[in-house]
Amino acid sequence: MTTIKLDHNTVMSQLEEMERALKEVVIEPFDAASLGDLKLAFTELLLQREESIHVMAREYIEAVSKNIEDTKANVTSLKEQDEAITHS
């Protein structure tokens with residue numbers, strides 16, 4: 001039989017490190033004012049793409065954050081189940 005070892009403290013520490021790293025992910029918004037009164041098809045496309053990038057980045061950060069929280073809950077649940085099995 002194969003033994004799977006899960007060090008709860010190590011995993012939780014790594015997940016917390018991931019959370020800290022995720023908080024450092026910042027994409028500065030494009031300064032549309034720097035375009036001045038320039039109104040070209042390209043500038044409009046540029047602004048749309050910049051907005052799209054920010055939306056995708058925000059959604060990605062939210063998804064990763066949710067995955068980290070779910071993983072924390074699952075790891076804790078596994079630890080509790082293991083403790084319940086060993087104490088019975």
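The values are calculated or read from the model by the stated rules, or taken from the named source; none is laboratory data. The model shown is predicted, which means the values in this text are computed figures rather than measured ones. Neighbour counts are summed over all protein chains in view; Cβ atoms, including those assigned to glycine, are modelled from backbone coordinates with ideal geometry.
Descriptive notes on the structure:
- The residues listed here are 83, 28, 17, 44; of these, the one that is of a type outside the set (S, T, N, Q), out of contact with any Gly (no Cβ under 7 Å at 6 or more places or on another chain) and at pLDDT 90 or above is 17.
- Residue in segment 77-87 that is part of a loop (DSSP other than H, G, I, E, B) and either without any contact (Cβ under 8 Å) to a residue 24 or more places away in the chain or touching a Pro at 6+ places or on another chain (Cβ under 7 Å) (or both) present: yes
- Put simply, of 34, 52 the only residue that is part of a helix (DSSP H, G or I), exposed (fewer than 11 other Cβ atoms within 10 Å of the Cβ) and under 22 Å from the mean Cα position of the chain (by Cα) is 52.
- Condition met for residue 28 (charged (D, E, K, R) and in a helix (DSSP H, G or I)): no
- Filtered by the rule that a residue be of a type in the set (A, V, I, L, M, F, W, C), more than 13 Å from residue 75 (Cβ to Cβ) and surrounded by 11 or more Cβ atoms within 10 Å (Cβ to Cβ), segment 1-24 gives a lone residue, 22.
- Filter pass, residue 67 being part of a helix (DSSP H, G or I), surrounded by 10 or more Cβ atoms within 10 Å (Cβ to Cβ) and of a type in the set (S, T, N, Q): yes
- In segment 47-80, residue modelled with the lowest pLDDT [restricted to those that are touching a helix residue (DSSP H, G or I) at 6+ places or on another chain (Cβ under 6 Å) and over 24 Å from residue 26 (Cβ atoms)]: 79
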